[in-house]
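What follows is a set of notes on a single structure, which appears directly below.
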Amino acid sequence: MNHEMATAWLTLDPPGPNGDETIIASLRQDLLSIPNVKKVDPILAENSQTDEFLTRKSGTAIGVAGIAATLAPFALRQVVAMLKAWTERQAARTIIIEIEGDRLEIKAGSNREQRHAMDLFLQRHTPTPELPSRDESPAGD
């Protein structure tokens, strides 16, 4: 991932039978409280721009189907930590976060496999600090 803004698609699994407007509104507020999360928009199930994403995710949904969050890549670690805490409070739900086609399912409970998957996802989508380059040739060349 580059250092520009990224869009993360967030959906709930299983989706609510009539949409998840109340839960998603609460999740949206939590996301907006994180620095460098610039924009958090609900995804409406009938939005033609998101049809491909929603079909891949869960088929047809009614009402609000998820969230599109625009964030700086270095904010992703905070977003994933907040989503993990959110799933702990919503024990029967899973949040699926997708960036550039790469998906991570965040579930309640913590096991080694899920922590490993979260770490790998963050490595792929979080910039690493660049160290100053050093000229390793001997002085005087």
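The values are calculated or read from the model by the stated rules, or taken from the named source; none is laboratory data. Being a predicted model, the structure only gives us computed values, none of them experimental. Note that each Cβ is placed from the backbone with ideal geometry, even for glycine, and that neighbours are counted across all protein chains shown. Surface accessibility is based on the protein's heavy atoms, side chains included, excluding ligands, DNA and RNA. Shrake-Rupley method; radii C 1.70, N 1.55, O 1.52, S 1.80 Å.
Summary table below
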quantity	calculated
Residues satisfying the stated conditions in the stretch 78-94, i.e. more than 14 Å from residue 121 (Cα to Cα) and touching a Phe, Trp or Tyr at 6+ places or on another chain (Cβ under 9 Å)	93
Scan of the stretch 83-121 for residues that are free of Cβ contacts under 8 Å to residues at least 24 places away in the same chain, part of a loop (DSSP other than H, G, I, E, B) and closer than 22 Å to residue 32 by Cβ, ordered by number	none
Failed item in (1) open to solvent by 50 Å² or more (accessible area, probe 1.4 Å); (2) at pLDDT below 90; (3) among the polar types (S, T, N, Q), with residue 87 passing the rest	(1)
